[in-house]
Amino acid sequence: MRFLSRARQSGTQVRTAPLRRRRRRQALAALALLGLAGLGGGVWLVRGGILAALGEAAGERLALAGKSLGLAVDSVAVEGRSRVSRETVLKAIGVERGTPILAVDLAQAKARLEALPWVRSAAVDRRLPQTIFVRLTERQPLAFWQRQGKLVLVDRDGKTITDENLDSFGALIVLVGDDAPAKGAALLDMLATEPALARHVAAAVRVGGRRWNLKLDSGVIVALPETDAEAAWHHLAALERDKALLQRDILVVDLRLPDRLVVRLPPEPKAKEPAKKGRPPGKAT
């Protein structure tokens, strides 16, 4: 049996009848042992902190007694693990094969798992007699956040995940601004309502903590208003569909005024000065 494995999503595990009976006896012995501890029932102890409840010395004796009955960690089953390595999970839980299963502090294991950059939430349970079961909810990358000239990956909660191997996450939008990560999910949800146009948004800059400027992959800047930005976004998408506005030679589309659209064009090239007529200067001799 592998020490750490992915939890089965469906189906049942086939075991021999003697093994089932032996593990059932071990589980019943564990509950009896917990009942003898006199702390208000075995179920609470299985889910709670045994050592904290009993005191360290008594808890260690209970855990060792349980191990003698076969209550020792033989496997760690993990559900929801995609980006977190198995070694990282095991280190956070702090167990190895043969650890007395009643000595595992579930609350501490949960806290250490949730301190990992990729883990949004975790649940840790004992499945007597020999399995620790872990359920992870990992963070989902939302965008890159540019801060102090460097990029980091953030999730929908605005939490920083990592600044390593960013090329593997594809062409995510870049957010700029102190509060940009916290406001990023709402912005991307709004942009997604016009997917054809959203594909061309390369970056979003938070302006004054009030509104957004969007930078398109063509270099065009779109200034969204502070209020009713979604209506302005739909208006821009309609103009692009009907008149191919963004295909023209423009620098900025300003949508901040509710009753008009302002477009800034690039400066016209300066006309070349006509060549002066006359006799060319002679050469010095």
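Some notes on this structure:
- From the options Ala111, Ala123, residue that is under 20 Å from the mean Cα position of the chain (by Cα) and over 18 Å from Ile161 (Cα atoms): Ala123
- Complete set of residues in the range 135-160 that are under 25 Å from Lys110 (Cβ atoms) and surrounded by fewer than 20 Cβ atoms within 10 Å (Cβ to Cβ): Arg135, Thr137, Glu138, Gln140, Pro141, Arg156, Asp157, Gly158, Lys159, Thr160
- Candidates Thr99, Thr162: the one that is closer than 16 Å to Leu4 by Cα and either in contact (Cβ under 8 Å) with a residue 60 or more places away in the chain or not hydrophobic (A, V, I, L, M, F, W, C) (or both) is Thr99.
- Selection status of Leu187, buried (at least 19 other Cβ atoms within 10 Å of the Cβ), within 25 Å of Ala231 (Cβ to Cβ) and touching an Asp or Glu at 6+ places or on another chain (Cβ under 7 Å): no
- Taken as a whole, the range 130-150 holds at least one residue that is in the same structural domain as Gly98 (by TED's automatic domain parsing), more than 15 Å from the chain's Cα centre (by Cα) and assigned to a loop (DSSP other than H, G, I, E, B).
- Filtered residue count, the range 223-254, keeping only those that are in a loop (DSSP other than H, G, I, E, B) and over 16 Å from Glu194 (Cα atoms): 7
- Residue match in the range 213-228 (condition: buried (at least 17 other Cβ atoms within 10 Å of the Cβ), basic (Lys, Arg) and assigned by TED's automatic domain parsing to the domain that holds Ile173): yes
- The sole residue among Leu245, Leu216, Leu255, Leu197 that is at pLDDT below 95 and among the hydrophobic types (A, V, I, L, M, F, W, C) is Leu245.
- Test: residue in the range 161-169 that is assigned by TED's automatic domain parsing to the domain that holds Asp228 and either buried (at least 17 other Cβ atoms within 10 Å of the Cβ) or under 17 Å from Ala223 (Cα atoms) (or both): yes
The values are calculated or read from the model by the stated rules, or taken from the named source; none is laboratory data. Bear in mind the structure is a predicted one, so any value in this text is a computation, not a measurement. With ideal geometry, Cβ positions are generated from the backbone for all residues, glycine too; neighbour counts draw on all protein chains shown.
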